Amino acid sequence: MSESGGDSRVKTLNFNVGVLGHVDSGKTSLARALSSTASTAAFDKNPQSRERGITLDLGFSSFTVDLPDQLRASDGQQPYDSLQFTLVDCPGHASLIRTIIGGAQIIDLMMLVVDVVKGIQTQTAECLLIGELTCPRMVVVLNKIDLLPPNKRQSAIEKMTKRLHKTLETTRFKECPVIAVAAKPGGPEAPDTDEPQGLPQLIELLKKQTYLPQRDPAGDLLMAVDHCFSIRGQGTVMTGTILQGSLAINDTVEIPALKVTKKIKSVQMFRKPVSGAMQGDRVGVCVTQFDPKLLERGVVCTQGSLHTFYAAVISVRKIGYFKGSLATRAKFHITMGHETVMAKVTFFGLPPVVASESPAETKAPPSLPCSLETPFTCDRQYLYQDEYVTGQGESSSGPDPEQWALLEFERPVTCPSLCLVIGSKLDRDINANACRLAFQGRLLQGFEDKSYAETALPHLHIYKTKHKEGQVERVSDDYTVIGRNLFKKETNLQLFVGLKVTLSTGESGVIEGGFGQSGKFKIRIQEGLHPETKQLLSSTSKKKGKGGSKSSPGNEEESKADSQPVGIHLHFKRYIFDPHKKMVQS
């Protein structure tokens, strides 16, 4: 493909294909076999990765093909002349799920590589989930077919294809194409004399699956940088992918992690100079007077467009494959933007009345990224939850109710607003066959103040409901009773003065203050006690007075019924972030 003179340059559509799969499924060999031009970050530049033959960072490489028919304009006005596949080789091992999530936000098509001998493994399932959250289309590649005995090869491929289709039935990728290849016959150590098998067919399949991705040059620039190096006499080159917006020569960009701004001196796309680039493009950007050691990975953005948060509120949905409950106060690995950080989580939802009023039939299906129909706002009242509430209760099996989570980060996180958030338990054993991705959601509100607990959280109205029970000790007069067992001796009763209580006999009253030193208290009954209540209480106190007299067996039942104490019920709310810990009654 040559570039002609003047300004009639060949216009290439860049299409990002994420190569994901379990560790050792042969992803890198496949990317290497497919590629003609390797980009700087490609193919395991990490020395540890070379030794073990495992990809530790997002490798990028590309190859260019003729534009497929479905992308050609019917009016002959061609926006593009050729199609460039950029292969994003994502790491398969757990500690680096964060890298996959980082890479998955720019992927137009997912290529899930499965070892034909081993089938779906833990990481394969996790990659599938990440794909569901971040990618519209998928192709499954059964690799290493050279390891199957030739006489049983076809039946083994068919069997595995059937199993995969069954697994994918409940996902957004049902009926996605499955193709069998041998990217590196004989394994990674074998000489390169054996030709890979099935690659021309795979390239044709990839071409069939392409579409014109939605690319938008508008908005603030956000570029994910995956590699940084210096070229003598030129400056420092940052290579990466533009996640949103666009850039051009002479633009000033910010490196938020280092709080520095730099001017763009030149731009390249796969070693060809260009004047600018936009969302979805893979670029090298050259700046001057910048030490590449300061930024190996990270983000570059329009000045002032990214924010650094110490805590955040997100919409939240549990990932169905995660086993176990999601508890408030538990710590999770939170991946947002290009960072993964530990955070303490507090779950909260709508109060019961509001929750029951929201129309269930408009709920988003549980597999789709969170889009809550009730917008989050600090003006609303929310109910504290000990854990994430699922719709699969004993009496119901509907979608999960709408809920949110407050994340409090162990270190500040820099990310764009409304970004995808994934919570995981990456410390779980990778070899235990269990999904470690726990929940997903969107960032709704971030707190940029380091002392957010004092300045911001008191405005977040999340409450716990409290219920205390005590008994009426005796009647003081028709409008006053003395109560006991509602408070401990050391409780400061002043905090409870003025709160409403109800008696088990139906009357309402107000706590007037303490009575004596032992935690007893006075209740004022505004409407006065019912005659039956007075009778009940006087008979109870008489029984106590008689003390020693033995009652006949016939009277025993009567006295039991009579001596049921009159209960006192106190209900109130307490806002969990209220510095004054006030009790509130609606």
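The values are calculated or read from the model by the stated rules, or taken from the named source; none is laboratory data. This structure is a prediction, so every number in the text was calculated from the model and none was measured. Glycine gets a Cβ as well: all are built from the backbone with ideal geometry, and neighbour counts include every protein chain shown. For the accessible areas, the whole protein counts, side chains as well, though only heavy atoms, and no ligand, DNA or RNA atoms are used. Shrake-Rupley method; radii C 1.70, N 1.55, O 1.52, S 1.80 Å.
Numbers at a glance
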item	result
Flag for residue 308 being surrounded by fewer than 17 Cβ atoms within 10 Å (Cβ to Cβ), part of a strand (DSSP E or B) and touching a residue at least 12 places away in the same chain (Cβ under 8 Å)	yes
Complete set of residues in the range 527-537 that are under 16 Å from residue 502 (Cβ atoms) and modelled with pLDDT under 90	536, 537
Selected residue [closer than 28 Å to residue 336 by Cβ and modelled with pLDDT of 85 or more] from 181, 267	267
Within the range 63-168, helices (runs of 4 or more DSSP H) holding 3 or more residues that are at pLDDT 75 or above, surrounded by 15 or more Cβ atoms within 10 Å (Cβ to Cβ) and under 32 Å from the mean Cα position of the chain (by Cα)	122-134, 153-168
Search result, residues across the range 512-537 that are open to solvent by less than 30 Å² (accessible area, probe 1.4 Å), assigned to a strand (DSSP E or B) and in contact (Cβ under 8 Å) with a residue 40 or more places away in the chain	523
Residue 302 being farther than 30 Å from residue 380 by Cα, surrounded by 16 or more Cβ atoms within 10 Å (Cβ to Cβ) and touching a His at 6+ places or on another chain (Cβ under 6 Å)	no
Boolean, residue 194 is more than 30 Å from residue 293 (Cβ to Cβ) and more than 34 Å from the chain's Cα centre (by Cα)	yes
All strands (runs of 3 or more DSSP E) inside the range 398-487 with 2 or more residues being aromatic (Phe, Trp, Tyr)	403-415, 437-447
The range 169-182: number of residues that are of a type outside the set (Val, Ile, Thr) and outside any loop (DSSP other than H, G, I, E, B)	2
Residue 421 vs. criteria crowded, with 19+ Cβ neighbours inside 10 Å and within 30 Å of residue 566 (Cβ to Cβ)	no
Test for residue 540: is it in contact with a Ser or Thr (Cβ under 9 Å, 6 or more places away or on another chain), open to solvent by less than 60 Å² (accessible area, probe 1.4 Å), at pLDDT 90 or above and of a type in the set (S, T, N, Q)	no
Matching residues, the range 311-335, being part of a loop (DSSP other than H, G, I, E, B) and at pLDDT 90 or above	316, 325, 326, 328, 329, 330
Yes/no for residue 203 being modelled with pLDDT of 90 or more, of a type in the set (Val, Ile, Thr) and within 22 Å of residue 64 (Cα to Cα)	no
Number of positions in the range 431-474 that are open to solvent by less than 50 Å² (accessible area, probe 1.4 Å) and either β-branched (Val, Ile, Thr) or within 30 Å of residue 125 (Cβ to Cβ) (or both)	12
Among residues of the range 263-292, those that are touching a residue at least 60 places away in the same chain (Cβ under 8 Å) and basic (Lys, Arg), counted	3
Whichever residue in the range 238-264 is hydrophobic (A, V, I, L, M, F, W, C) and within 27 Å of residue 109 (Cβ to Cβ) and, among such residues, is modelled with the lowest pLDDT	243
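Here's the yes/no breakdown for (1) polar (S, T, N, Q); (2) loosely packed, with under 12 Cβ neighbours inside 10 Å; (3) at pLDDT 85 or above:
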| site | (1), (2), (3) |
| --- | --- |
| 367 | yes, no, no |
| 370 | no, no, no |
| 373 | no, yes, no |
| 379 | no, yes, yes |
| 389 | no, no, yes |
| 395 | yes, yes, no |
| 402 | no, no, yes |
| 413 | no, no, yes |
